[in-house]
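Structure record follows, encoded as structure tokens.
Where a number appears in this text, it was derived from the coordinates with a stated rule and is not lab data. Source: prediction; values computed, not measured. Ideal geometry is used to build each Cβ from the backbone, glycine not excepted, and the neighbour counts take in all protein chains shown.
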Amino acid sequence: MEDCIFCKIIKGELPSKTIYEDDLIKVIMNINPNTNGHLLVLPKKHYVNILDIPEEIINHSFKIIRDTLYPLLKEKLDCKGLTIAENNCLGQEIKHFHIHLTPRYEGDLLEFNYNEDMLIDIEEIYKKLK
């Protein structure tokens, strides 16, 4: 995609801080981090979301996260956990599949808001999904 920011980063047309790279993925520092060490895992080919990315790339990405990136974050930054997130369509600012790796620290203030007004009827949703 000509106007995709992540495609431009992958091609070297825009600067980035690369942490890891191989034939399938590039891992960069997020320029708007939620915590110290917030990384983005980018497939080198352009895919919009989870519905059009090959399973091989997803599997490879999670293997690198598990075997290389999370241990690196724990060792070098002493993080106490890791939040792994991926948005599709709504909430996806850049329409290039990417995985957020957000290191977690004691007292980091990163929260997922829980609102009792948003409670749903689990039985009703279950019926819809069956």
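Observations on the structure shown:
- For residue 105, residues with placed amide H under 5 Å, excluding near neighbours: 80
- Proximal lysine pairs, region 14-130, alpha carbons under 19 Å, eight or more residues apart or interchain: 14
- Judged by the mean number of other Cβ atoms found within 10 Å, the most tightly packed of the peptides 122-128, 41-47, 25-31 leads the ranking 41-47, 25-31, 122-128.
- Spin-label zone in region 13-54 - amide nitrogen under 18 Å from a point set 7 Å from the Cα of residue 85 along the C-beta vector: 28-42, 49-50
- The helix-based estimate of mean residue ellipticity at 222 nm for the chain, built from -39,500 (n - 2.57) per DSSP H run of four or more residues and divided by its residue count, is -7000 deg cm²/dmol to the nearest 500.
- With R₀ fixed at 25 Å, the C-beta to C-beta distance from residue 67 to residue 100 puts the FRET efficiency at about 0.85.
- Listed peptides 72-78, 6-12 by packing density, highest first (mean Cβ within 10 Å): 6-12, 72-78
- If R0 is taken as 25 Å, the Cβ-Cβ distance between residue 45 and residue 93 corresponds to a FRET efficiency of 0.80.
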